[in-house]
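A.B. asks: Once you've had a glance at the structure underneath, I'll fire off some questions.
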Amino acid sequence: SLCNAFQWIQYGSINNVFVRFYDVSTFAIDWLSMSYMLVYIPLLFPVAWLLDKRGLRIIALAGSALNAVGAWVKLGSLKPHLFPVTVLGQVICALAQVFILGMPSRIASVWFGSHEVSTACSIAVFGNQLGIAAGFLVPPVLIPNVEDVEKLAYHISVMFFMTAGVASALFILVIIVFKEKPPNPPSQAQASIQSRPAAEYSYVQSILHLLRNANFLLLMVTYGLNVGCFYALSTLLNRMVIHHYPGEEVNAGRIGLTIILSGMAGALISGIWLDRTKTYKQTTLMVYIMSLVGMIVYTFTLSLGHLWVVFVTAGSLGFFMTGYLPLGFEFAAELTYPESEGTSSGLLNVSAQIFGIAFTIGQGQIMDRFGTKAGNLLLCSFLFLGTVMTAFIKADLRRQQANLENEQT
């Protein structure tokens, strides 16, 4: 997940450098990030079906294999005229993401007991965030903004070789280490799912149950609004920072890193908090409100001319916005039990990808015409809408209820 997320943002974090190297528009480089979102939408359902029918191991193998293949394909794009090859490599990595992104809540449920499942999910989501953090930090350091195209190609090749090496090593490790499930179910809820006869389970029925669940539908939209804003912010961060602070590519990457690192702390704290308190609705609403406040503060401090202020406001925004990711997965697992976590988290991710594409294109266009503040205000308005909708979700904690009833029995 880390390696795959790194490849998602490695172009966007130094957008201006790749624009010059491949001689394409900033919008074309933005699409390298958005390809991840676009590919995910049609392929979620077949992959979620595969996860239910074939289990975790086959999904992990497919995801890590595609991730490694995509990384090696990119090594064939080290000349300015070979932009289509880099697009192909990125699309293969985007295919890998479809397999990888739905795994955290499924791994947490299959391998961990009821008192640690939320913490496990938040640590698994961590990997993705760590990859985005590396994607903001490493490319600006490895690839300096130089004029010489030959020199630029050499620096890009170093990054691509390193990524391909790591992705290949991870694929080998998955083959050797990754197991399907533990010998015994870790929780009563998981035991009752595993003991259910296969004939009783229908994938189409499972999706229909989810789409008839009003609380889940509300969560699906609110999750999409929040995470879609995060995707747009991450993709366009380099452009925003360089617009106000020319020549600060490395610091733009560091601001992205600050957003992710503080968000990882937020994700871990929210996971531990959920395991202790089981206050899913209250925690989700609180984190959503703070994401909105953080976005408003970031919007109005970006243009003040002080980079340290941007670091502070972006960090506080990341703490809540990224901290929301595992909250959404776990709240969905509670609202939709005994349906598969792979399907519920997959639908959340589809919502996030759709909003992510819309927000990235919309904010990019608004930034080009009316400036960065107008683009960020667009995100603020949608976060406000998401906050209001979150207040209407009822805390129908079905998984907790199943565990409690089984303990009493």
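A.B. asks: Can you say whether ALA124 is open to solvent by less than 30 Å² (accessible area, probe 1.4 Å), in the same structural domain as TYR154 (by the TED database) and part of a helix (DSSP H, G or I), as far as the supplied structure shows? So that I can check it myself, show each step before the final result.
C.D. replies: Working: open to solvent by less than 30 Å² (accessible area, probe 1.4 Å): no; in the same structural domain as TYR154 (by the TED database): yes; part of a helix (DSSP H, G or I): yes.
No: the conditions fail for ALA124.
A quick yes/no check of all residues on (1) open to solvent by less than 40 Å² (accessible area, probe 1.4 Å); (2) assigned to a loop (DSSP other than H, G, I, E, B):
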site	(1), (2)
ILE172	no, no
PRO183	no, yes
GLN190	yes, no
TYR223	yes, no
SER234	yes, no
GLY253	yes, no
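A.B. asks: Now, a different point. Collect the residues in the stretch 4-29 that are under 16 Å from ILE361 (Cβ atoms), in a helix (DSSP H, G or I) and either open to solvent by 10 Å² or more (accessible area, probe 1.4 Å) or not assigned by the TED database to the domain that holds ILE100 (or both), keeping them in residue-number order.
C.D. replies: Across the stretch 4-29, the qualifying residues are THR26, PHE27, ALA28.
A.B. asks: Picking from LEU95, LEU61, LEU75, which residue would you name as being within 19 Å of the chain's Cα centre (by Cα) and either assigned by the TED database to the domain that holds HIS155 or among the small types (Gly, Ala, Ser) (or both)?
C.D. replies: On the way: LEU61 fails: within 19 Å of the chain's Cα centre (by Cα); LEU75 fails: within 19 Å of the chain's Cα centre (by Cα).
Criteria check complete, one pass: LEU95.
A.B. asks: Moving on. What pairs come up if the first residue lies in the stretch 93-107 and is in contact (Cβ under 8 Å) with a residue 12 or more places away in the chain, the second is part of a helix (DSSP H, G or I) and acidic (Asp, Glu), and their beta carbons are under 6 Å apart, counting only those six or more places apart or on different chains?
C.D. replies: Here the result reads SER105/GLU341; ARG106/GLU341, each pair linking the stretch 93-107 to a residue that is part of a helix (DSSP H, G or I) and acidic (Asp, Glu).
A.B. asks: Also: What is the one condition in (1) surrounded by 24 or more Cβ atoms within 10 Å (Cβ to Cβ); (2) modelled with pLDDT under 85 that ALA314 does not satisfy?
C.D. replies: All conditions are met except number (2).
A.B. asks: Out of LEU78, LEU51, which single residue is assigned to a loop (DSSP other than H, G, I, E, B) and of a type outside the set (Ser, Thr, Tyr)? Please lay out each step first, then the result.
C.D. replies: Values: LEU51 fails: assigned to a loop (DSSP other than H, G, I, E, B).
The conditions single out LEU78.
A.B. asks: Any residue in the stretch 149-167 that is surrounded by fewer than 18 Cβ atoms within 10 Å (Cβ to Cβ), in a helix (DSSP H, G or I), touching a residue at least 40 places away in the same chain (Cβ under 8 Å) and within 23 Å of the chain's Cα centre (by Cα)?
C.D. replies: yes
A.B. asks: Further question: Answer yes or no: is there a residue in the stretch 71-81 that is open to solvent by less than 10 Å² (accessible area, probe 1.4 Å), of a type in the set (A, V, I, L, M) and over 27 Å from ILE272 (Cα atoms).
C.D. replies: Residues of the stretch 71-81 open to solvent by less than 10 Å² (accessible area, probe 1.4 Å): 71, 74, 77.
Adding the requirement that they be of a type in the set (A, V, I, L, M) leaves 71.
Within this subset, residues satisfying the condition of being over 27 Å from ILE272 (Cα atoms) are 71.
Checked the stretch 71-81: at least one residue is open to solvent by less than 10 Å² (accessible area, probe 1.4 Å), of a type in the set (A, V, I, L, M) and over 27 Å from ILE272 (Cα atoms).
A.B. asks: Also, quick follow-up: Looking for whichever is of a type outside the set (Gly, Ala, Ser) and at pLDDT 90 or above here; the options are ILE193, ILE143, ILE92. Which one fits? Full working, then the answer.
C.D. replies: Values: ILE193 fails: at pLDDT 90 or above; ILE143 fails: at pLDDT 90 or above.
Sole residue among the options that is of a type outside the set (Gly, Ala, Ser) and at pLDDT 90 or above: ILE92.
A.B. asks: Go through the stretch 212-244 and count every residue that is modelled with pLDDT under 85 and either over 30 Å from VAL141 (Cα atoms) or among the small types (Gly, Ala, Ser) (or both).
C.D. replies: Selection size over the stretch 212-244: 1.
A.B. asks: Is it true that some residue in the stretch 267-282 is of a type in the set (S, T, N, Q), within 25 Å of ILE366 (Cα to Cα) and not assigned by the TED database to the domain that holds THR26?
C.D. replies: As a first pass, look at the stretch 267-282 and keep what is of a type in the set (S, T, N, Q): 270, 277, 279, 282.
Filter again for within 25 Å of ILE366 (Cα to Cα), leaving none.
No, that holds for no residue.
The values are calculated or read from the model by the stated rules, or taken from the named source; none is laboratory data. What you see is a predicted model, and the numbers here were worked out from it, not measured in a lab. Cβ: placed from backbone, ideal geometry, glycine included. Neighbour counts: every protein chain shown. Just the protein is used for accessible areas: all its heavy atoms, side chains included, with ligands, DNA and RNA removed. Shrake-Rupley method; radii C 1.70, N 1.55, O 1.52, S 1.80 Å.
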